[in-house]
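I have placed the structure first, in the form of structure tokens, so that the comments after it can refer back to it.
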Amino acid sequence: MQTVFHLIEDDAEKRETALTIAENLTQDDSVEVGEVAVVAQSHGIEPLTADGEGSDHVRSLLEAGVSFKACGNTLDLMDLDEADLVEGVEPVSSGAGELTRLQSEGYAYVRP
Amino acid sequence: MQTVFHLIEDDAEKRETALTIAENLTQDDSVEVGEVAVVAQSHGIEPLTADGEGSDHVRSLLEAGVSFKACGNTLDLMDLDEADLVEGVEPVSSGAGELTRLQSEGYAYVRP
Amino acid sequence: MQTVFHLIEDDAEKRETALTIAENLTQDDSVEVGEVAVVAQSHGIEPLTADGEGSDHVRSLLEAGVSFKACGNTLDLMDLDEADLVEGVEPVSSGAGELTRLQSEGYAYVRP
């Protein structure tokens with residue numbers, strides 16, 4: 001099974017909860033989860049930026065094998081590019097496009 | 001691929017972000033998206049009403065081929081009928097029923 | 001068709017709306033819905049606790065055949081166990097794990 005988390009909240013505490021929920025999934029032995037991805041857009045980009053609040057949590061999840069994708073429209077809007085992001089975060093064309101693509105591949109969708 | 005957006009936020013700025021995310025998907029050439037739908041319920045109905053804040057954005061998305069569905073329970077609760085909605089918006093029996101039906105047809109679900 | 005609702009909001013009114021949306025689905029004759037489940041986590045646990053705000057709504061939905069699952073990580077964090085929950089609510093290992101499992105079985109996902 002595969003799961004994609006949609007990270008979009010404008011509240012830092014809710015984003016932290018979302019990352020913890022993703023982390024808990026990687027540690028849940030009751031379900032066999034192959035791939036865990038996080039697609040971030042709008043305010044959800046913050047923890048994916050190199051100095052952003054929550055970026056250390058993103059780094060530890062990347063090390064645990066979770067993949068992170070940053071919405072290209074959001075990056076354009078915020079005048080950010082790949083160099084501004086945590087190393088290992090992958091920019092994608094659009095957040096909704098990536099969420100659509102992953103669900104079409106069988107990923108479950110969770111929006112904390 | 002097909003995508004349904006769930007429009008439900010009580011905050012006008014978040015609803016505007018949701019409509020922009022839907023719009024960006026229609027312009028994302030990296031993913032072949034056949035149908036884009038928006039199912040609105042609760043406070044998400046506002047931009048689908050004829051004079052509602054954000055209704056011009058709904059009109060331009062309708063022209064771009066995005067379909068809009070309005071939850072019938074919300075319409076009843078707000079004492080609205082089809083004549084109060086932006087032309088082209090389709091009332092449906094219930095928001096969750098329509099979201100279930102579309103996902104069962106293969107639509108990806110995105111809840112901005 | 002089957003539907004799982006994700007109950008996670010920190011606002012009591014939004015949680016009440018979410019439960020009403022689930023209730024409306026059980027009463028929507030336009031779509032044949034076999035199973036309706038609610039997975040609660042984080043602040044969404046509140047109405048699933050025996051004396052929690054909204055617990056009467058949970059009880060009536062349980063009687064109507066809706067199943068309720070409580071995230072085990074949230075229960076641990078809040079120092080709650082099954083005895084603290086409305087009778088009939090089922091603890092699960094993790095909220096995201098259960099949401100993944102149900103979607104892999106064909107449940108549509110709705111996050112009010």
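The values are calculated or read from the model by the stated rules, or taken from the named source; none is laboratory data. If you're wondering where the values come from, they're calculated on a predicted model, not measured in any experiment. Cβ placement follows ideal geometry from the backbone for every residue including glycine, while neighbour counts extend to all protein chains displayed. Protein only, heavy atoms only, side chains kept; ligands, DNA and RNA dropped before computing areas. Shrake-Rupley method; radii C 1.70, N 1.55, O 1.52, S 1.80 Å.
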Hey, residue C:58 buried (at least 21 other Cβ atoms within 10 Å of the Cβ), in contact with a helix residue (DSSP H, G or I) (Cβ under 7 Å, 6 or more places away or on another chain), over 21 Å from residue C:12 (Cβ atoms) and β-branched (Val, Ile, Thr) or not: no
Residue, surrounded by the fewest Cβ atoms within 10 Å (Cβ to Cβ), within region A:7-24, restricted to residues that are part of a helix (DSSP H, G or I) and of a type in the set (Val, Ile, Thr): A:20
Residue check, residue A:70 in contact with a Pro (Cβ under 7 Å, 6 or more places away or on another chain) and more than 14 Å from chain C (Cβ to nearest Cβ): yes
Counted residues, region B:56-71 - those being of a type in the set (Val, Ile, Thr) and part of a helix (DSSP H, G or I): 1
Among residues of region A:93-112, those that are outside any helix (DSSP H, G or I), without any contact (Cβ under 8 Å) to a residue 60 or more places away in the chain and either within 14 Å of chain C (Cβ to nearest Cβ) or surrounded by 23 or more Cβ atoms within 10 Å (Cβ to Cβ) (or both), counted: 1
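Got at least one residue in region C:30-44 being assigned to a helix (DSSP H, G or I), open to solvent by 10 Å² or more (accessible area, probe 1.4 Å) and either within 20 Å of residue A:108 (Cα to Cα) or free of Cβ contacts under 8 Å to residues at least 60 places away in the same chain (or both)?
In the first step, residues of region C:30-44 are kept if they are assigned to a helix (DSSP H, G or I); the result is C:42-44.
Retained after the next criterion (residues that are open to solvent by 10 Å² or more (accessible area, probe 1.4 Å)): C:42-43.
With the extra rule that they be either within 20 Å of residue A:108 (Cα to Cα) or free of Cβ contacts under 8 Å to residues at least 60 places away in the same chain (or both), the set shrinks to C:42-43.
Yes - at least one qualifying residue is present in region C:30-44.
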Residues of region A:20-29 classified as more than 9 Å from chain C (Cβ to nearest Cβ) and over 21 Å from residue C:104 (Cβ atoms), total: 0
Residue in region C:5-19 that is within 27 Å of residue A:100 (Cα to Cα), within 14 Å of chain A (Cβ to nearest Cβ), of a type outside the set (A, V, I, L, M, F, W, C) and in contact with a strand residue (DSSP E or B) (Cβ under 9 Å, 6 or more places away or on another chain) present: yes
Residue match in region A:70-81 (condition: under 19 Å from residue B:25 (Cα atoms), touching a Gly at 6+ places or on another chain (Cβ under 6 Å) and buried (at least 24 other Cβ atoms within 10 Å of the Cβ)): yes
Pick from region B:82-92, criterion free of Cβ contacts under 8 Å to residues at least 40 places away in the same chain and aliphatic (A, V, I, L, M), ranking: surrounded by the fewest Cβ atoms within 10 Å (Cβ to Cβ): B:83
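Within region A:45-55, does at least one residue satisfy the condition of being more than 17 Å from residue C:111 (Cβ to Cβ), among the β-branched types (Val, Ile, Thr) and surrounded by 17 or more Cβ atoms within 10 Å (Cβ to Cβ)? Spell out how you get there, then give the answer.
Quick first cut of region A:45-55, residues more than 17 Å from residue C:111 (Cβ to Cβ) only: A:45-55.
Filter once more, so that each one left must be among the β-branched types (Val, Ile, Thr): A:45, A:49.
After this cut, where a residue has to be surrounded by 17 or more Cβ atoms within 10 Å (Cβ to Cβ) as well, the list is A:45, A:49.
Yes, there is a match, as at least one residue in region A:45-55 is more than 17 Å from residue C:111 (Cβ to Cβ), among the β-branched types (Val, Ile, Thr) and surrounded by 17 or more Cβ atoms within 10 Å (Cβ to Cβ).
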